[in-house]
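Inspection log for the structure reproduced underneath, given as structure tokens.
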Amino acid sequence: MPIYLYFSVNWQFYYDDINLIIHFMLLDLGAIMGRCYNNIVIDASIEAVWQQIANFHDMSWAKGVITSLDKVGTTSGTEVGAKRILNGVIHETLVSVDTSNYTFTYSIDDGPGAIAKSAVDNYLGMVNLSESSTGVLVEWSSSFTSDNENAVTEFCDPIYMALLGALKNSLDTA
């Protein structure tokens, strides 16, 4: 018997057999859609925070967290398709950039352990900036498909928290 899912705009997604479309990704039944979410408020202008993180090929602000960043290919760090390798093992690709809304998304294409290509699918990370009454809210989130959601979350959450802390520290000392 088919099950229909309705969204607020009355789009209808059809579930039948073993596939379900969620967030524009096709997931295999049995795999789990996981999420990570971390945030921090930074007392700086949104432009200053964006300038610090907007170049996908420059994470010099993340001292102690990112020990090496290797650019892959010739695509600029501000253009969709830019690729990098973090700490020699985490392969990422810039998927979208929206400078007017201060946000970018990237994929993790391969990495160690829980984020290896064989362990996780459809890993999309997003960094979003928005102004708040106390500064700039920086949100670092991700979604992914994995049979072991907890392992991915336990791997990524501490990294995102450390990156947010490093970003705040880099702007506090600027």
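Test of understanding: among Ser118, Ser96, which residue is in contact (Cβ under 8 Å) with a residue 12 or more places away in the chain, surrounded by fewer than 18 Cβ atoms within 10 Å (Cβ to Cβ), on the phi < 0 side of the Ramachandran plot and out of contact with any Lys or Arg (no Cβ under 8 Å at 6 or more places or on another chain)?
Values: Ser118 fails: in contact (Cβ under 8 Å) with a residue 12 or more places away in the chain.
Every option except Ser96 fails the conditions.
Residue count for the range 66-101 under the criterion of being assigned to a loop (DSSP other than H, G, I, E, B) and among the hydroxyl-bearing types (Ser, Thr, Tyr): the result is 6. Could you tell me whether the range 146-169 includes any residue that is assigned to a strand (DSSP E or B) and either over 22 Å from Gly64 (Cβ atoms) or in contact with a Ser or Thr (Cβ under 8 Å, 6 or more places away or on another chain) (or both)? Yes.
Out of Ala114, Ala119, which single residue is under 17 Å from Gly34 (Cα atoms) and in contact with a helix residue (DSSP H, G or I) (Cβ under 6 Å, 6 or more places away or on another chain)?
That would be Ala114, the only listed residue that is under 17 Å from Gly34 (Cα atoms) and in contact with a helix residue (DSSP H, G or I) (Cβ under 6 Å, 6 or more places away or on another chain).
Restricting attention to the range 149-174, the residues being over 13 Å from Gln52 (Cβ atoms), loosely packed, with under 15 Cβ neighbours inside 10 Å and not acidic (Asp, Glu) number 2.
Checked against the criteria, Met59 does not count as closer than 22 Å to Ser118 by Cα and either surrounded by 14 or more Cβ atoms within 10 Å (Cβ to Cβ) or modelled with pLDDT of 95 or more (or both).
The values are calculated or read from the model by the stated rules, or taken from the named source; none is laboratory data. No experiment lies behind these values; they were computed from the predicted model shown. Cβ atoms come from the backbone with ideal geometry, glycine included; neighbour counts cover every protein chain shown.
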